[in-house]
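There's a structure below that I have some questions on.
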Amino acid sequence: MTRLRRHSDAGQAFPIYIMVVAGLLFLAFAYLAVGQAAANRNGAQTAADAAALAAALDTRDALWDEWVDKIADPADWQAVFDGGGVEFLGCERAAQLASQNDATAQCVRTYGLLPGYTVDVTTNKSVGDSIVPGTESVHSKATATAVIEPLCTFPPPGDDTDEDTLPTLTCQGVEWILKPDDLTDLPEPEDLFDVHLAD
């Protein structure tokens, strides 16, 4: 009689065991799906950040070239430091970076206190097959904005200059004394402008 009861108890526990194991497996697959989505989303954000920064760096270098061209005319410097005098063509570079990160990008120039670019990225790869229906056709998206910030100040032309000296540039505490007849030692693009992601 006791043996029959034990056998009966074991038989009743087996379906419960199967249900618990099935539930645990479902949770494991669900966590895997969440992990896949998070990894895909992180990849999209990385691609967006890189693309926006690349676009801004491309334009920063163009602004530096423009400043070098205008170096003998200090009256034109402020316009360059404000982002003027060049075409904002960085979106082409943004598209290249997004492609290298297996994504596509939509890029626009931003206007405001600091010029820059906003890039919207969509991953080429979907989240993938998972226990969650529809994820095989879901592509992660992300947005990033990068800005170009001038780092230098200088006195207005005529206040602190003579015929043989250009205005002294002060860039983050470093002074650059420029002479029209000796322009071999010039600040680099990164000395004049900082490129960073907007908050």
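Look at the stretch 96-109 and say how many of its residues are surrounded by fewer than 19 Cβ atoms within 10 Å (Cβ to Cβ) and modelled with pLDDT of 90 or more.
Residues meeting the conditions: 7.
What pairs come out if I take residues in the stretch 75-89 that are within 19 Å of PRO155 (Cα to Cα) and pair them with residues that are of a type in the set (D, E, K, R) and part of a helix (DSSP H, G or I) whose C-beta lies under 6 Å away, six or more apart or interchain?
Final answer for the pair search is VAL80/GLU66.
Same structure again: If you go through the stretch 117-152, how many residues are of a type in the set (S, T, N, Q), at pLDDT 95 or above and either farther than 16 Å from THR46 by Cβ or touching a Cys at 6+ places or on another chain (Cβ under 8 Å) (or both)?
Adding up the residues that qualify gives 1.
Any residue at all in the stretch 16-35 that's more than 21 Å from VAL108 (Cα to Cα), among the small types (Gly, Ala, Ser), surrounded by 14 or more Cβ atoms within 10 Å (Cβ to Cβ) and at pLDDT below 65? Talk me through it step by step, then tell me what you get.
Kept after step one, since they are more than 21 Å from VAL108 (Cα to Cα), are these residues of the stretch 16-35: 16-35.
So of that shortlist, the ones also among the small types (Gly, Ala, Ser) come out as 22-23, 28, 30, 33, 35.
In the following step, the residues that additionally are surrounded by 14 or more Cβ atoms within 10 Å (Cβ to Cβ) were identified as 33.
Then drop every residue that is not at pLDDT below 65, which leaves 33.
So far as the stretch 16-35 goes, yes, one or more of its residues are more than 21 Å from VAL108 (Cα to Cα), among the small types (Gly, Ala, Ser), surrounded by 14 or more Cβ atoms within 10 Å (Cβ to Cβ) and at pLDDT below 65.
Report, by residue number, each residue of the stretch 44-79 that is surrounded by fewer than 20 Cβ atoms within 10 Å (Cβ to Cβ), within 24 Å of ASP120 (Cα to Cα) and of a type in the set (S, T, N, Q).
If the condition is that a residue be surrounded by fewer than 20 Cβ atoms within 10 Å (Cβ to Cβ), within 24 Å of ASP120 (Cα to Cα) and of a type in the set (S, T, N, Q), then GLN45, THR46 are the ones that fit.
Can you confirm whether GLU188 is touching a His at 6+ places or on another chain (Cβ under 9 Å) and either at pLDDT 95 or above or among the aromatic types (Phe, Trp, Tyr) (or both)?
No: the conditions fail for GLU188.
Now for a different question. At pLDDT 95 or above, within 21 Å of LYS70 (Cβ to Cβ) and surrounded by fewer than 18 Cβ atoms within 10 Å (Cβ to Cβ): does that describe GLU163?
In short, no.
The values are calculated or read from the model by the stated rules, or taken from the named source; none is laboratory data. Computed from a prediction, not measured in an experiment: that's the story for all the values here. Backbone-built Cβ (ideal geometry, glycine too); neighbour counts: all protein chains shown.
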